[in-house]
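The values are calculated or read from the model by the stated rules, or taken from the named source; none is laboratory data. Fair warning: this is a prediction, and the values are worked out from it, not measured in the lab. Note that we place each Cβ from the backbone using ideal geometry, even for glycine, and neighbour counts take in every protein chain shown.
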Ligand SMILES: Nc1ncnc2c1ncn2[C@@H]1O[C@H](COP(=O)(O)OP(=O)(O)OP(=O)(O)O)[C@@H](O)[C@H]1O
Ligand SMILES: [Mg+2]
């Protein structure tokens, strides 16, 4: 399969503070189309920094990054913005939805800044389709404050999907969610991955990583482990178990 | 599409905090309203003055007693009057380029007729007065040259006097008494309306100046001499000739008269109001700038408050330009809407002032266009810095902002 992401000796040094922080120290990594990767590691090991580099939100201090064949380090601010808009979808730990803006309008946001001009009807229809993928089309007109955490994160996923990106990047997407909702979100990811979207996510939880196909571990800015997941969990099956356990608890209670 | 979306986003943001938007725009609203009101009222007053100066007649020179001091016309002219009928005749006969001369007398008197009485202005004039003032008789006729020569007890009266003293009868041929002296009404003047000082020009009784001198004033001196020159180009020369002639007739005494042209009278009358208008417009302009600073202040607060929003927009692909435009459009909409409301308020205010003062309102389109353009410029000028600040944010830092 074609490589979507190719990192070659990537370094990131933050030198805004008194002491320069070497957050990423030479990461070389290839991710092919259709992969589902989890990045794990201790706090401060450079996972978010790496994700921001992958997401073209930040530029590496050193090294080469080919995204879908394009050398990202040569691009300017606006070209990076277009790249984020067209090829990447980003899901954050803190959801990052616009408050006082409906779910649908939040999902539409990337389309406002797209290169192609859409009619407002097209924009609306695509937003609803995107919400449908994450199972939230009924809540299109709700505001984020009227949605649960899991629902807000699903709106954020719908937003990341609307421009049909090649890669979905998620930095601790389940970090603010309880375990059942986390399984729900992983179910959405597995479904998307089956449809061919490449997914890279950061997580702290080992069991969440087991829903993915490939696990990377970072330590002090370096990749120290890269293994394929052997006994992969299925979100659908896990959800069945949780529901069964719940109803059993109710029966006994 | 992208641009239209940006405008939509800006509008929505403004609508979401409607109260704050209105308060922010208030400075501009008041500033623009003040500018419009000032300019409209000033224009109205100016046109009024110009119209009544024009209604004074064409190519008019006025000779009045006393030397002019810098202020222009002095109050109570004629109080120490030294102008004589002979002066007037000399001007008529010896100065080239003079068409008409009318020696003038004026005072206020109680006038009686039909058992009614009315306090009005009594003018003593020559027959040529009506020609000079471009005034006409609507009923009857003007008193004659012979009436002037014989100091006849004849008069023509204005519409207001007719309404007051002859409410339901034809005044022609009737008698009215001025200080107990009977005058026969020979004509009624065509209505002329108010002059620039707000005086009712139809509230007047005109009698021959000779009659005024002999029967009412009982003194030899005139209040003023009204002179009409042949052409406007000739005015300065005629003015100088009259000055020389009168000075010569006074053979070495201190000059005790002033010759003013219509233009100078107009300038004197408008000078004060012009100064006032400029001053008030300047104050209004300052309040516009203060309004602009208010917008800048709120926009800066807004950019800080919405740092996360900006981060999200940048993260999903907005260019710096999109964010810049969004905030700039917000600032411009604020100031232009403020400008529009200000125009309405300004027109209302000038309408009110004009009602109270009997002035015509002249809401000038140029003032409106100027106000809109100026408030847009204010929006761009004071909105640019906050908008640029927003556009230059780093997406990651903006996203991390609490
Ligand atoms: N903007 C920044 N300026 C300076 N140093 C930074 C900046 N962002 C991150 N760092 C530093 O870089 C290192 C890696 O940070 P990063 O956020 O990538 O860690 P992480 O693996 O995501 O941790 P966590 O699991 O807690 O989210 C840390 O030591 C952090 O202090
Ligand atoms: Mg992190």
Looking at this structure, is residue A:172 within 14 Å of chain B (Cβ to nearest Cβ), at pLDDT below 95 and either within 16 Å of ligand 1 (Cβ to nearest atom) or under 19 Å from residue A:52 (Cα atoms) (or both)? yes
Among (1) in contact with a helix residue (DSSP H, G or I) (Cβ under 8 Å, 6 or more places away or on another chain); (2) within 14 Å of chain B (Cβ to nearest Cβ) - the single one residue A:150 does not satisfy: (2)
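Restricting the search to the stretch A:196-208, which residues are within 16 Å of ligand 2 (Cβ to nearest atom) and surrounded by fewer than 22 Cβ atoms within 10 Å (Cβ to Cβ)? Don't jump to the end; show me each part of the working.
First, the residues of the stretch A:196-208 that are within 16 Å of ligand 2 (Cβ to nearest atom): A:200-205, A:208.
Result: A:204, A:205.
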Quick count over the stretch B:1-32, residues being over 16 Å from residue B:306 (Cβ atoms), facing chain A (nearest Cβ under 10 Å) and in contact (Cβ under 8 Å) with a residue 12 or more places away in the chain, is 1
Looking at the stretch B:285-294, can you tell me whether even one residue there is more than 14 Å from chain A (Cβ to nearest Cβ), surrounded by fewer than 16 Cβ atoms within 10 Å (Cβ to Cβ), at pLDDT below 90 and touching a helix residue (DSSP H, G or I) at 6+ places or on another chain (Cβ under 6 Å)? yes
For the stretch A:1-18, which positions are more than 14 Å from chain B (Cβ to nearest Cβ), within 14 Å of ligand 1 (Cβ to nearest atom) and touching a helix residue (DSSP H, G or I) at 6+ places or on another chain (Cβ under 9 Å)? A:10
Qualifying residues in the stretch A:19-39 (those that are within 13 Å of ligand 1 (Cβ to nearest atom) and surrounded by fewer than 21 Cβ atoms within 10 Å (Cβ to Cβ)) - the one nearest to residue A:224 (Cα to Cα): A:25
Being touching a residue at least 60 places away in the same chain (Cβ under 8 Å) and away from ligand 2 (no atom under 11 Å from the Cβ) is the filter; apply it to the stretch A:46-59 and report the residue that is nearest to the other protein chains (Cβ to nearest Cβ). A:55
Would you mind telling me which numbered condition in (1) modelled with pLDDT of 95 or more; (2) surrounded by fewer than 18 Cβ atoms within 10 Å (Cβ to Cβ); (3) within 16 Å of ligand 2 (Cβ to nearest atom) residue A:94 fails? (1)
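Conditions (1) closer than 24 Å to residue A:63 by Cβ; (2) in contact (Cβ under 8 Å) with a residue 60 or more places away in the chain, marked per residue:
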site	(1), (2)
A:178	no, no
A:186	no, no
A:191	no, no
A:196	no, yes
A:203	no, yes
A:219	yes, yes
A:223	yes, yes
A:235	no, no
A:241	no, no
Would you say residue A:99 is under 20 Å from residue A:162 (Cα atoms) and more than 18 Å from the chain's Cα centre (by Cα)? yes
Quick check on the stretch B:149-164: of everything there that is surrounded by fewer than 24 Cβ atoms within 10 Å (Cβ to Cβ) and in a helix (DSSP H, G or I), which residue is farthest from the chain's Cα centre (by Cα)? B:149
Flag for residue A:207 being over 14 Å from the mean Cα position of the chain (by Cα) and assigned to a strand (DSSP E or B): no
Within the set of pairs 6 or more residues apart or between chains, which connect a residue that is closer than 24 Å to residue A:220 by Cβ inside the stretch A:32-45 to a residue that is part of a strand (DSSP E or B) and within 10 Å of ligand 2 (Cβ to nearest atom) with Cβ atoms less than 7 Å apart? A:39/A:202
Assigned to a strand (DSSP E or B), over 25 Å from residue A:154 (Cα atoms) and in contact with a strand residue (DSSP E or B) (Cβ under 8 Å, 6 or more places away or on another chain): does that describe residue A:10? yes
Among the candidates B:347, B:368, B:332, single out the residue that is more than 14 Å from chain A (Cβ to nearest Cβ), in a helix (DSSP H, G or I) and within 22 Å of residue B:11 (Cα to Cα). B:332
The stretch A:23-45: number of residues that are more than 30 Å from residue A:194 (Cβ to Cβ) and more than 16 Å from ligand 2 (Cβ to nearest atom): 2
Please indicate, with yes or no, whether at least one residue in the stretch A:67-77 is under 23 Å from residue B:315 (Cβ atoms), within 14 Å of chain B (Cβ to nearest Cβ) and within 16 Å of ligand 1 (Cβ to nearest atom). no
